[in-house]
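Peer 1: So that we are looking at the same thing, I have put the structure below in structure tokens.
The values are calculated or read from the model by the stated rules, or taken from the named source; none is laboratory data. Computed from a predicted structure; not experimentally measured. No Cβ is skipped: glycine too gets one built from the backbone with ideal geometry, and neighbour counts run over all protein chains shown. Surface accessibility is based on the protein's heavy atoms, side chains included, excluding ligands, DNA and RNA. Shrake-Rupley method; radii C 1.70, N 1.55, O 1.52, S 1.80 Å.
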Amino acid sequence: MKNGVRMSDIAKELGVSVVTVSNALNDRGGVSDEMRKRIRERASELGYRPSAPRTPKKNTLEVVQQGGNIGIITSERFAGGRGTFYWFLTAGVAKELTRCNLYAVYESVSEQAEQECVLPRIVLERQVRGLIIVGQLSTNYLEHLADMHIPMLFLDFYDKHNDIDAVISDNYYDSYLMTDRLVSLGHTRIGFIGSVTATSSIHDRFLGYIRCLMEHHIEYHPEWTLKDRLSNGFTLTDYDFPEEMPTAFVCNCDETAFRVIGDLQRKGYRVPEDVSVTGYDNYTVSDMCVPAITTVEVDLTEMAHTAVALLLARLDNPQKTAARHVIPGRIIVKQSMARPADI
């Protein structure tokens, strides 16, 4: 049977609970000898890979002194090239791991592998002591990863796994503040550009934008919320702008803002004289753009540091309560935002 068999698959086959399967495979009580034997035999037949035995508890200093490999996994659609947001974030994690006497082992997940739930070799071959997953992966894929019982951390996203630590930027509040900055300039016709349900970060930035509109009693126009990427995650360069245009767009990231500004200019709009455009991330492209993009600066160094520290704490104490850790950003005002022309 192909790799990726989960405890839930074994439980379904034998008509028992996942907890019973877990107890049987991990030598815990609450399972009869007969059932334990049946579960282990069926797990072997299906090709289930049992979780590695837990390391005896040690303090964080001992974890660091022991060294070892930590995996960094990114979806291919987020990997990008040198100089992208995720490149800087991944490089920051690798640098922090090196400082802690740990080796970073990187692997990207192709679109096909993600769809077919083919796990990375570093996971299947138990090459790493822990995993830092950078950027969003599908829920089904994350379920398969979780079934491998390797300590994990989500970086720059979160999902329904409330037993896995996550480190995110303050997407909701920072987007709220950026939208409020536009309102303070006199904008009441404000759109949002980003595929809202593509990632948890985009969704939270959209919700921050919506909260600001509601707070100021500004009408929300659904036709002013535009997608910025295809279903496979690859970005758009041509946008279907509405006939009746807003005076400002809040974009979910700098790369989208860069593309939006270029498309607006090709279609005869001036930025920011006709349409203001804001971004998020404050990485290289925000300064390359003309005009330079007003954006939210994400503290990548702090995100990387927090991610590694939390994973070390997880290795030290696997029973530690998981939580989401929010790293605040700050608005960097540049040239792409101005008062609306009619004021």
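Peer 1: Under the 0.36 nm per residue contour assumption, what length would be gained going from the current alpha-carbon distance of Met35 and Ile332 to full extension?
Peer 2: Once the chain is fully extended between Met35 and Ile332, it gains 100.8 nm.
Peer 1: Hey, rough spin-label estimate for Thr235 and Val183, points 7 angstrom out along Cα→Cβ, what's it come to in nanometres?
Peer 2: 2.8
Peer 1: For Leu226, what residues show an amide H to amide H distance below 5 Å, using hydrogens built from the backbone and excluding near sequence neighbours?
Peer 2: Phe192, Ile193, Gly194
Peer 1: Ok, one more. Non-local amide H neighbours of Arg324 (under 5 Å, H modeled in plane, Pro and chain starts lacking H): which ones?
Peer 2: Ala166
Peer 1: Which label belongs to the value computed from this structure, given these candidates for Rg/Rh (Cα atoms, Kirkwood Rh): (1) 1.05; (2) 1.65; (3) 1.07?
Peer 2: Structure-derived value, by its label: (1).
Peer 1: Given a Förster distance of 30 angstrom, what is the FRET efficiency for Ile343 paired with Leu207, based on the Cβ-Cβ distance and rounded to 0.05?
Peer 2: Calculated value: 0.65.
Peer 1: Any chance you could run the full-extension gain for Glu143 through Asp274? It's 0.36 nm times the residue separation minus the Cα-Cα distance, nm to one decimal.
Peer 2: Net length gain for the segment: 42.5 nm.
Peer 1: Compute the length gained on full extension between Leu46 and Glu13: take 0.36 nm times their separation in residues and subtract their Cα-Cα distance, giving the result in nm to one decimal.
Peer 2: Working it through step by step, the gained length comes to 10.9 nm.
Peer 1: Moving on. Roughly how many debye, to the nearest 20, is the charge dipole of the chain about its Cα centre, given +1 on each Lys and Arg Cβ, -1 on each Asp and Glu Cβ, and no other charges? Write down the numbers at each step before the final one.
Peer 2: Values: 37 positive and 45 negative charges, 255 e Å.
That gives a dipole near 1220 debye.
Peer 1: Here is the link list: Lys12/Lys160; Lys12/Lys37; Lys95/Lys160; Lys160/Lys320. Which ones come out longer than 24 Å on Cα distance?
Peer 2: Beyond 24 Å: Lys95/Lys160.
Peer 1: Summarise the accessible area of the chain (1.4 Å probe, protein heavy atoms) by the percent that is carbon and sulfur.
Peer 2: Values: 8230 of 16450 Å².
Exposed carbon and sulfur together represent 50 percent of the surface.
Peer 1: If you don't mind, there's one more thing I want to ask. Among Leu230, Asn282, Ala257, which residue has its Cα furthest toward the positive end of the charge dipole of the stretch 209-343, with +1 on Lys/Arg Cβ and -1 on Asp/Glu Cβ?
Peer 2: Farthest towards the positive pole: Asn282.
Peer 1: Taking Cα centroids, how far is the stretch 158-194 from the stretch 68-127 in Å?
Peer 2: The stretch 158-194 and the stretch 68-127 have Cα centres spaced 26 Å from each other.
Peer 1: With r defined as the distance between the Cβ atoms of Ala322 and Glu243 and R0 fixed at 51 Å, what FRET efficiency is calculated, to the nearest 0.05?
Peer 2: 0.60
Peer 1: For the stretch 107-168, which GluC sites (Glu not before Pro) pass both filters: DSSP loop (anything but H, G, I, E, B) and at most 13 other C-beta atoms within 10 Å?
Peer 2: Values: sites: Glu107, Glu111, Glu114, Glu116, Glu125, Glu143; in loops: Glu125.
Sparse-neighbourhood loop GluC sites (Glu not before Pro): Glu125.
Peer 1: Please list 3J(HN,Hα) in residue order for the stretch 317-334, calculated via the Karplus relation 6.51 cos²θ - 1.76 cosθ + 1.60 where θ = phi - 60°; whole Hz, with x for glycine and proline.
Peer 2: Residue by residue, the stretch 317-334 yields 9, x, 8, 4, 5, 7, 7, 8, 10, 9, 9, x, x, 8, 6, 10, 7, 10 Hz.
Peer 1: Could you point to the residue in Ala166, Leu182, Ala146 farthest towards the positive end of the stretch 137-186's charge dipole, with +1 and -1 charges on the Cβ of Lys/Arg and Asp/Glu respectively?
Peer 2: Result: Leu182.
Peer 1: Just to confirm, what accessible area per residue do you get for the chain at 1.4 Å probe, in whole Å²?
Peer 2: On the way: 16450 Å² over 343 residues.
Accessible area per residue: 48 Å².
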